[in-house]
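Inspection log for the structure reproduced underneath, given as C-alpha cells.
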Amino acid sequence: MTGDATKVWLWEFFNPERLWALLILPVLLIAYVILLRLKRNRGMRYTQTGIVGAVLPKQSQWRRHISVAMTLCALVAITGAWARPAGTEKIPRERATVVLVLDLSQSMAATDISPDRLEASKQAATDFIGQLPTSFNVALVALSGSPRVLSPPTNDRGMIVRLIDSLGLEDGTNIGDALVVALGAIAQAPGEEGQEPAPGMIILLSDGSNTGGEVSPEQAAVDARDQDVIVDTIAFGTLNGYVDLDGQRYNVAPDTAMLQQIATTTGGVAVDAKSADQLNNAYDRLRSDVTYEDVKKEVTARWALYSLAFAFVASLGAVSMAARWP
C-alpha cells in the first residue's frame, strides 16, 4: 500500500478528505425529525382515533427509529469505506541481510580490468544481487576515506542497483572502518526490540589497498567473526595496474593477502574478479530468520461489510413495518 494514513478520531484513512461526505447525515437526521412532527400534527386532525386504531393497528415507533438509525449507520460505514480505511497487519519479513561494500578509491580507476576496476566491481555487485533470493535484505556501503551506509537493509533491488550505477570515485580506502559500518548496517535489519542479531554476510569488492582509518582491517575482521558475520572478498586488479594522479603514475597492485586474511578470519571465501561468479551462491551459507512487522493495509472490504450488515438490519425493519408483523 502506498501513501500515508491519517488518523481521524479512532481510525486511520488513506483518503480522509472524503469523510466530508458525512456532513449529509445531520441534514438527513433533521429532515427525519421534521417529517415525524408533520406526521404527528396531521394525525391530530382525526378525532375518532379509536376507530382508526381498530382499522389500522398502531405501528411500533421504536421499530421505525431503529430502521432509520441502521440506515444512517450504513451510510457512515460506506462513506468510511470510500475514504479507504487503514488497518494494521503483521506480515512475515526476512531478516537475513547481505551487505555489499564497494571500493570507490582512486585506485579503482585502473584499467587493468576492462573497462576499469570500479565498473567491473559495480557489474559484479549487480550480478550478485540478481542471484539473491528476493526475500533477503540487501544493504550498500561505500568504501572510501569516509565509509558510510548508502542504503540500509531493503528488499528494493531496483533502488540498490540504481545507487550502484550512480557511484563514482572518491579519496581514501579505510577498509576496517568500512567493515565496521557494514556490521552496523546488519544491525539495522528488521526485528523486534530484544531480538537476537539478524543473520548477516558481507561481500567486500575492493583492490585491498588500505590507506588508513580508526579500525584496522584485521581488527574489523575479528569483530565480524565475533558477531558470526562472514566476509567474502573479491579482489579487483592485477600486479601491473596503475593510475595517473596529479601528473604522476602510481602502481596500484591489489593487496590480495589482506583480502585473503579478512576472509579467512571470518570463515569467508576470497576470490579474484575473474572468479567472482563463484560467490553467486554465497547466500547458501546464510541462515534464514523471519520476523513479523506491522504494515498499514487498506481494509475497505471490512467497512463495506459493516455497511451491508447495517443495511440488512434496516431493511428488516422496513419490511416488518410494511408487512405489519407483530
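The values are calculated or read from the model by the stated rules, or taken from the named source; none is laboratory data. Computed from a prediction, not measured in an experiment: that's the story for all the values here. Here the Cβ is made from the backbone with ideal geometry for all residues, glycine too, and neighbour counts use every protein chain on show.
For the range 256-299, give me each residue that is in a helix (DSSP H, G or I) and modelled with pLDDT of 90 or more.
We begin by selecting, within the range 256-299, every residue in a helix (DSSP H, G or I); these are 256-266, 273-279, 282-285.
Across the range 256-299, the qualifying residues are 256, 257, 258, 259, 260, 261, 262, 263, 264, 265, 266.
From the list 205, 183, 150, the one residue that fits, being crowded, with 24+ Cβ neighbours inside 10 Å and in contact with a strand residue (DSSP E or B) (Cβ under 8 Å, 6 or more places away or on another chain), is 205. Set side by side, the residues 247, 212 differ, and just one is surrounded by fewer than 18 Cβ atoms within 10 Å (Cβ to Cβ), within 21 Å of residue 104 (Cα to Cα) and in contact with a Gly (Cβ under 9 Å, 6 or more places away or on another chain), which is 212.
Checking 247, 172 one by one, the residue that is out of contact with any Cys (no Cβ under 8 Å at 6 or more places or on another chain), on the phi > 0 side of the Ramachandran plot and touching a residue at least 12 places away in the same chain (Cβ under 8 Å) is 172 and no other.
Among the residues of the range 86-103, those that are within 30 Å of residue 179 (Cβ to Cβ) and surrounded by fewer than 21 Cβ atoms within 10 Å (Cβ to Cβ) comprise 92, 93, 94.
Report yes if residue 115 is part of a loop (DSSP other than H, G, I, E, B), of a type outside the set (Val, Ile, Thr), exposed (fewer than 15 other Cβ atoms within 10 Å of the Cβ) and modelled with pLDDT under 95, otherwise no.
Numbers: part of a loop (DSSP other than H, G, I, E, B): yes; of a type outside the set (Val, Ile, Thr): yes; exposed (fewer than 15 other Cβ atoms within 10 Å of the Cβ): yes; modelled with pLDDT under 95: yes.
Spelling it out, residue 115 is indeed part of a loop (DSSP other than H, G, I, E, B), of a type outside the set (Val, Ile, Thr), exposed (fewer than 15 other Cβ atoms within 10 Å of the Cβ) and modelled with pLDDT under 95.
So that you can scan it fast, the table gives a plain yes or no per residue for (1) among the basic types (Lys, Arg); (2) exposed (fewer than 12 other Cβ atoms within 10 Å of the Cβ); (3) modelled with pLDDT of 85 or more:
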site: 28; (1), (2), (3): no, no, yes
site: 34; (1), (2), (3): no, yes, yes
site: 41; (1), (2), (3): no, yes, no
site: 45; (1), (2), (3): yes, yes, no
site: 55; (1), (2), (3): no, yes, no
site: 58; (1), (2), (3): yes, yes, no
site: 61; (1), (2), (3): no, yes, no
site: 64; (1), (2), (3): yes, no, no
site: 84; (1), (2), (3): yes, no, yes
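Scanning the range 133-146 for residues that are touching a residue at least 60 places away in the same chain (Cβ under 8 Å), closer than 21 Å to residue 206 by Cβ and surrounded by 19 or more Cβ atoms within 10 Å (Cβ to Cβ) gives a single hit, 143.
The residue of the range 250-262 that is farthest from residue 235 (Cα to Cα), among those that are surrounded by 22 or more Cβ atoms within 10 Å (Cβ to Cβ) and either free of Cβ contacts under 8 Å to residues at least 60 places away in the same chain or in contact with a Phe, Trp or Tyr (Cβ under 9 Å, 6 or more places away or on another chain) (or both), is 252.
Which fully enclosed helices (runs of 4 or more DSSP H) of the range 124-232 have 3 or more residues being in contact with a Pro (Cβ under 7 Å, 6 or more places away or on another chain) and either under 24 Å from residue 245 (Cβ atoms) or modelled with pLDDT under 95 (or both)? Talk me through it step by step, then tell me what you get.
Numbers: elements: 157-166, 175-186, 217-226.
Hits in the range 124-232: 175-186.
Going through (1) buried (at least 17 other Cβ atoms within 10 Å of the Cβ); (2) farther than 20 Å from residue 270 by Cα; (3) of a type in the set (S, T, N, Q) one by one, residue 166 falls short only on (1).
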